[in-house]
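The values are calculated or read from the model by the stated rules, or taken from the named source; none is laboratory data. Please read all numbers here as calculations on a predicted model, not as lab measurements. Neighbour counts run over all protein chains shown; Cβ positions are idealised from the backbone, glycine included. Heavy atoms of the whole protein, side chains included, go into the accessibility calculation; ligands, DNA and RNA do not. Shrake-Rupley method; radii C 1.70, N 1.55, O 1.52, S 1.80 Å.
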Amino acid sequence: MSSGKLWGGRFQESTSALVERFSESVSFDARLYRQDIRGSIAHARMLGRVGVLKAADVTAIVDGLTAIEADIDAGRFEWKPELEDVHMNIEARLTERIGDAGKRLHTGRSRNDQVATDIRLYVRDVIDELLPLMDRLAGHLLDLAEREADTLMPGFTHLQIAQPVTFGHHMLAWREQLLRDRSRLADGRARMNQLPLGAAALAGTVYPIDREWVAAELGFDGVTENSLDTVSDRDFAIEFCATAALCLVHLSRWSEELILWSTPMFGFVDLPDRFCTGSSIMPQKKNPDVPELVRGKTGRVVGNLNALLVLMKGQPLAYNRDNQEDKEPLFDSIDTLSLCLQVYAEMVPHIRVNTARCREAAARGFSTATDLADYLVKKGLPFRDAHHVVGSAVAHATAAGCDLAELELTTLQGFSPLIADDVFAVITLEGSVNARNHIGGTAPAQVRAAIARARKGPSRPA
Ligand code: ARG
């Protein structure tokens, strides 16, 4: 008695139903079907070119696989868990359709190099969708930065008001984070774009295969160097998950800021109603659920990276079935990152900034105290002494309930005779930001210059 499996020849009994349920992956790897079929078609054509398959078989395989793809696209395909995975479901169906030619498809390959190829193709396709999405979001941040290039707000360290910055400058900071994530994705894509097929189970194959041809056919830059490494390597998936985790950490930080900024205590921004929800009990509430969910989903994506790292940690070469467990965390990171980026790309253009509130918060927070100290230093006072003088002035203004720039000149001069009426150009919010007028600084002029550089084109590595 045989087990009825494609690999069932040496088995005396059929797989236990529990083990079938335990070991199947088709419930989650079916989503690789397009990549699986693309890889199989290239493999079959190559086998035809090198004379391993007859032309008629190649044609039957290609036509059969193309028809199967159309069936799956149309929801007309019956996935069978007892056939384990996407690869064997498709191959079994092919053989049902075209007979013996279908059974020849797997010549010179193994599911081990097949699945490695499928996932690489899949992640590559995903990256090719994510990069333009990130560009779109980066573009929206640029537009928002331009709109708010002159908007004054407090900059924070320790979440305490530190120095005035421009809202545009803050948006460009977010954009920098995103651009680094973009570059990490592109970088990972370039590294992973090598063809695994040909490694077969682990050692290569006895057939006269033409790996370079398959690589070119599938848009790979070349072929992997070592068969043992090839079937075992999931670095590319880990790199993707690492980049996804970092990108989500960035989005989570933005979310945290938006959540704070949209509370009435800050009141810096207003998120569009359609990105918020209400409370079932408190009628006044408008909750920033979208940024909260992005912040929350970050936990999952960080966890997925950890899952993959631990998955690999104890594995000897070469392929181990453990690797089947790479897919769910990977797919989850893909889906979550993509959704969060989409949501941000939709939301960012509609963030409304309350410039008056932002300005008022900066003015109330002694955010120009450092400017006053620097002013005194320029007049010859040692910095430590200047620091002390300004500290006393701040204490006085706090008691008086006003900002430094609102103190009378004579009052200020009581703290240091070096103070003259040119001080007001320095300790106003505008004076403070305009003074930081160098590349990377917060001056509106620099924000505009940065935007102009960004609009001019790709100034940095992909
Ligand atoms: N479903 C398997 C996976 O995702 C495909 C490879 C199976 N290979 C094997 N030798 N059982 O890893």
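The sole residue among 220, 266, 240 that is open to solvent by less than 30 Å² (accessible area, probe 1.4 Å), under 30 Å from residue 343 (Cβ atoms) and at pLDDT 95 or above is 240.
Residue 378 meets all of the listed conditions (1) surrounded by fewer than 16 Cβ atoms within 10 Å (Cβ to Cβ); (2) within 16 Å of the ligand (Cβ to nearest atom) but one, namely (2). Which of the residues spanning segment 146-170 are of a type in the set (D, E, K, R) and within 14 Å of residue 359 (Cβ to Cβ)? Selection gives 148, 150. Residue 66 meets each of the listed conditions (1) more than 17 Å from residue 111 (Cβ to Cβ); (2) crowded, with 18+ Cβ neighbours inside 10 Å; (3) of a type outside the set (A, V, I, L, M) apart from (2). Report yes if residue 367 is crowded, with 20+ Cβ neighbours inside 10 Å, in contact with an Asp or Glu (Cβ under 6 Å, 6 or more places away or on another chain) and touching a residue at least 12 places away in the same chain (Cβ under 8 Å), otherwise no. Taking the combined requirement at face value, the residue does not satisfy it.
Within the set 125, 71, the sole residue that is away from the ligand (no atom under 16 Å from the Cβ), within 30 Å of residue 182 (Cβ to Cβ) and open to solvent by 10 Å² or more (accessible area, probe 1.4 Å) turns out to be 125.
Number of residues in segment 76-116 that are within 11 Å of the ligand (Cβ to nearest atom), free of Cβ contacts under 8 Å to residues at least 40 places away in the same chain and at positive phi: the value is 0. In segment 99-111, is there at least one residue being over 24 Å from residue 219 (Cα atoms), of a type in the set (A, V, I, L, M, F, W, C) and either more than 29 Å from the chain's Cα centre (by Cα) or surrounded by fewer than 16 Cβ atoms within 10 Å (Cβ to Cβ) (or both)? So far as segment 99-111 goes, yes, one or more of its residues are over 24 Å from residue 219 (Cα atoms), of a type in the set (A, V, I, L, M, F, W, C) and either more than 29 Å from the chain's Cα centre (by Cα) or surrounded by fewer than 16 Cβ atoms within 10 Å (Cβ to Cβ) (or both). Among the residues of segment 9-30, is there at least one that is among the hydrophobic types (A, V, I, L, M, F, W, C), part of a loop (DSSP other than H, G, I, E, B), surrounded by fewer than 18 Cβ atoms within 10 Å (Cβ to Cβ) and without any contact (Cβ under 8 Å) to a residue 12 or more places away in the chain? Checked against the condition, which is being among the hydrophobic types (A, V, I, L, M, F, W, C), part of a loop (DSSP other than H, G, I, E, B), surrounded by fewer than 18 Cβ atoms within 10 Å (Cβ to Cβ) and without any contact (Cβ under 8 Å) to a residue 12 or more places away in the chain, segment 9-30 yields at least one hit. Residues that are surrounded by fewer than 18 Cβ atoms within 10 Å (Cβ to Cβ) and away from the ligand (no atom under 16 Å from the Cβ) occur in segment 312-319; there is at least one. Among the residues of segment 346-359, the ones that are within 19 Å of residue 182 (Cα to Cα) and open to solvent by 40 Å² or more (accessible area, probe 1.4 Å) come to 1 in all. Count of segment 413-462 residues, restricted to those that are open to solvent by 40 Å² or more (accessible area, probe 1.4 Å) and either in a helix (DSSP H, G or I) or β-branched (Val, Ile, Thr) (or both), is 19. Scanning segment 322-340 for residues that are crowded, with 16+ Cβ neighbours inside 10 Å and touching a residue at least 60 places away in the same chain (Cβ under 8 Å) gives 323, 324, 326, 327, 329, 330, 331, 333, 334, 336, 337, 340.
Yes or no, residue by residue, for (1) closer than 30 Å to residue 321 by Cβ; (2) open to solvent by 50 Å² or more (accessible area, probe 1.4 Å):
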residue: 168; (1), (2): no, no
residue: 176; (1), (2): no, yes
residue: 180; (1), (2): no, yes
residue: 183; (1), (2): no, no
residue: 186; (1), (2): no, no
residue: 209; (1), (2): yes, no
residue: 214; (1), (2): yes, no
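Against the numbered list (1) more than 25 Å from the chain's Cα centre (by Cα); (2) of a type in the set (Val, Ile, Thr); (3) open to solvent by 80 Å² or more (accessible area, probe 1.4 Å), residue 277 comes up short only at (3). The criterion of being in a helix (DSSP H, G or I), at pLDDT 95 or above and of a type outside the set (S, T, N, Q) holds for residue 171. Elements of the type helices (runs of 4 or more DSSP H) sitting completely within segment 335-402 and holding at least 1 residues that are under 32 Å from the mean Cα position of the chain (by Cα) and not hydrophobic (A, V, I, L, M, F, W, C): these cover 355-364.
Looking across segment 320-333, the residues that are part of a helix (DSSP H, G or I) and within 16 Å of the ligand (Cβ to nearest atom) come down to 321, 322, 323, 324, 325, 326, 327, 328, 329, 330, 331, 332.
Exactly one residue out of 343, 301 is at pLDDT 95 or above, under 30 Å from residue 181 (Cβ atoms) and open to solvent by less than 40 Å² (accessible area, probe 1.4 Å): that is 301.
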